[in-house]
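Working notes, structure below.
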């Protein structure tokens, strides 16, 4: 509201800024604010308190001497991180796999949702929806087992097909040039259906009268899609994209952990799997906390930058 | 009025949310009380491996006849947790870093044990063993106790290995006969048999679906082929008066070249780096595999499963492959099979020692099974009821915590187990074991670099698969030395020169 426009009864003395009005608001509606308390306590207790543990990134942590008594070592672990040849490779793998997943898998649910949205027969639409949701509920261990069998060179379906087409069989899980494709494909198979839910919900936000108006103006299906549906769900797409940017350094640790093997470490060892092997396997807790902290800082920066750019150029952001 | 209602309901919701968050489950409370109660059995919580065993219907690791028997005899209430075998070591690390420690853990790796012992994670056990472990003291030899000492104190109750080695070569005899081949002995003969098993349709079904030689992930089940070149991975050899690690010997390069040759010709299981034990067993059972390095008890496992599925299948133990210089053999297993450790925080150390001491004292009932039920003496020979024996194999989960070999009962037992050549297999292995010349406690560098150095060995699989040329072995050796291997070698040689070793060898009396 612009100052000087028609006066409305604004609660609180708005001359003194935002917070005083918040306090008076709390004073007036204290019982509603009371409902917030458990949530805030939860976040303080389970999200903020553990952040104390980040200090071990700057210590030589020994689990038996404890947080407080382990000696401080400054930036030692970060220096090790940035000079380690392992990490360069791991970082590169993470970014490549993550970008592949974003480029290929981010638009996929939007396309699928658009296609589902155009479906006339409700029966078929619902059944298709249910069937493509299902893989989401399988654990990665199971999905990995399925793909190993499917892509096996000892009688796997895909290789049988290749052989019948007179092509060379491919050991998908042992081949550095195709293993990333296996990762992206299996992630797509598992999660695409589930991710359509958000977009399908977003379609209901689009005002139906716009379609009627467009129809009267003679717009066909494609024009409607392009000029009404897509702009209508654009805020959701941007929101999802910014959130996705935040997890760019999380290339699918759980998935890779159950699917990779030493032969393809070169192309598939990502930050998450590296942290897991070093941290638990070598009990190098401090170093891996440093890695984790580094990852978190990058993700945080990406979300802020993404949101700022989005607000600047698209006039939309998530806050 | 409205506001009052709102206040009450808000308060109600808030209080409800709080209490939901802070509720202590009733069972926990009961347990705590039970713990304090004087008369009730004292409870200990232990973490052990289930060794991949299954239980008869209606029983589990916390409720079965053998555990109940142990609980009855010791007057303890034993709570057992069994992490999955495939990730057992990882799970132990998770537990150790969780801050919620059990009263006892059973670990398999010397380096793992040494690592935590040095960090002060475990209780010293000397006094407790003196007081509560007479059978442990009697049955576990001094050299085993030496291996669990750090700074002069005992930090684990060791479990001993009954056998000196594990693997020997087994082949499909019916395939050899069908193709008119003799059991192979030299590497060339092995090569020919592997080739024929892969390409000449040994099962006669007209389909190209057989595997000449099956290996496993991380080069599992490949040991005899390294033995043919006079080397073994992760084993210390004496060369010119110094100890060197087999993983970097030129002989190992030759063995890798041999295996890479087999792979290039298409004679190895193409997907062996993906073979977990389960996959390997399936392939053997389904009659796809002609030759593999079996464990001495696989004759009761996958080989028996294959015979059951294909009644015509016959298997034969082969001589170990002999290399160009007449060398052969298989890796030696460590004298210690497992380590029972008690975390420093445990208040029930005494009870744990009593529990372990009981296991060591009752070899007969726990190792062999209940007398007169599973086995009995008939005319001076031991006779085993096979079906019952198999059904109650799960007792090994408890018994193996403190295995104390008994050579007299051992042969009787193995012979009574029937037609599986268990005793012959073990004899064959015993005669061909390649000794590991280092048998001290893990050196500091081992604790530090062990994981890292074994991860470097990932390159071996790449070499065999032809992803990297055999020359990259030399680069690996350089890296191995640089990243801790040299330090480890230095420490191992210090041990080798020290008098400590001479004493232990003297006791062995080979």
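The values are calculated or read from the model by the stated rules, or taken from the named source; none is laboratory data. For clarity, every value in this text was computed on a predicted model and none was experimentally measured. Methodologically, a virtual Cβ is constructed for each residue, glycine included, from the backbone with ideal geometry; neighbour enumeration extends over all protein chains shown.
Of the helices (runs of 4 or more DSSP H) contained entirely in region A:108-181, not one carries at least 2 residues that are more than 13 Å from chain B (Cβ to nearest Cβ), more than 30 Å from the chain's Cα centre (by Cα) and under 27 Å from residue A:270 (Cβ atoms).
Taking residue B:400 as the residue in question, decide whether it is buried (at least 19 other Cβ atoms within 10 Å of the Cβ) and within 14 Å of another protein chain (Cβ to nearest Cβ). Against the criterion (buried (at least 19 other Cβ atoms within 10 Å of the Cβ) and within 14 Å of another protein chain (Cβ to nearest Cβ)), residue B:400 does not qualify.
The number of residues in region B:436-476 being under 28 Å from residue A:275 (Cα atoms), surrounded by 18 or more Cβ atoms within 10 Å (Cβ to Cβ) and away from every other protein chain (no Cβ under 12 Å) comes to 6. Find the helices (runs of 4 or more DSSP H) located wholly in region B:367-440 whose residues include 2 or more that are modelled with pLDDT of 85 or more and in contact with a strand residue (DSSP E or B) (Cβ under 8 Å, 6 or more places away or on another chain), and list them. Because the criterion is at least 2 residues that are modelled with pLDDT of 85 or more and in contact with a strand residue (DSSP E or B) (Cβ under 8 Å, 6 or more places away or on another chain), the helices (runs of 4 or more DSSP H) in region B:367-440 that meet it are B:422-432.
Selection of region B:206-229 for residues being farther than 21 Å from residue B:461 by Cα and at pLDDT 90 or above yields only B:210.
Might you let me know whether region A:209-232 holds any residue that is under 21 Å from residue B:454 (Cβ atoms) and part of a helix (DSSP H, G or I)? No - not one qualifying residue is present in region A:209-232. Step by step: first the residues of region A:57-80, then only those that are in a loop (DSSP other than H, G, I, E, B) and away from chain B (no Cβ under 11 Å), then the one that is nearest to residue A:293 (Cα to Cα). Which residue is that? Per the criteria, the residue is A:75.
Under 15 Å from residue B:342 (Cβ atoms), within 14 Å of another protein chain (Cβ to nearest Cβ) and touching a strand residue (DSSP E or B) at 6+ places or on another chain (Cβ under 7 Å): does that describe residue B:95? Taking the combined requirement at face value, the residue satisfies it.
Every residue, every condition in (1) surrounded by 22 or more Cβ atoms within 10 Å (Cβ to Cβ); (2) farther than 30 Å from residue B:402 by Cβ; (3) out of contact with any helix residue (DSSP H, G or I) (no Cβ under 6 Å at 6 or more places or on another chain); (4) away from chain A (no Cβ under 14 Å), yes or no:
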position: B:158; (1), (2), (3), (4): yes, no, no, yes
position: B:183; (1), (2), (3), (4): no, yes, yes, yes
position: B:200; (1), (2), (3), (4): no, yes, no, yes
position: B:215; (1), (2), (3), (4): yes, yes, no, no
position: B:231; (1), (2), (3), (4): yes, yes, no, yes
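If you take the residues in region A:61-72 that are out of contact with any strand residue (DSSP E or B) (no Cβ under 6 Å at 6 or more places or on another chain) and surrounded by 14 or more Cβ atoms within 10 Å (Cβ to Cβ), which one is farthest from residue B:344 (Cα to Cα)? The extreme case among them is A:61. Listed by position, the helices (runs of 4 or more DSSP H) enclosed by region B:149-248 that each have at least 2 residues that are over 30 Å from residue B:311 (Cβ atoms) are B:187-199, B:223-227. So which of A:294, A:241 ends up being assigned to a helix (DSSP H, G or I), surrounded by fewer than 16 Cβ atoms within 10 Å (Cβ to Cβ) and either free of Cβ contacts under 8 Å to residues at least 40 places away in the same chain or more than 14 Å from every other protein chain (Cβ to nearest Cβ) (or both)? Exactly one residue qualifies, and that residue is A:241. So for region A:273-282 (the condition being in a loop (DSSP other than H, G, I, E, B), within 14 Å of chain B (Cβ to nearest Cβ) and free of Cβ contacts under 8 Å to residues at least 12 places away in the same chain), does at least one residue qualify? Within region A:273-282 (the criterion being in a loop (DSSP other than H, G, I, E, B), within 14 Å of chain B (Cβ to nearest Cβ) and free of Cβ contacts under 8 Å to residues at least 12 places away in the same chain), the answer is yes, since at least one residue qualifies.
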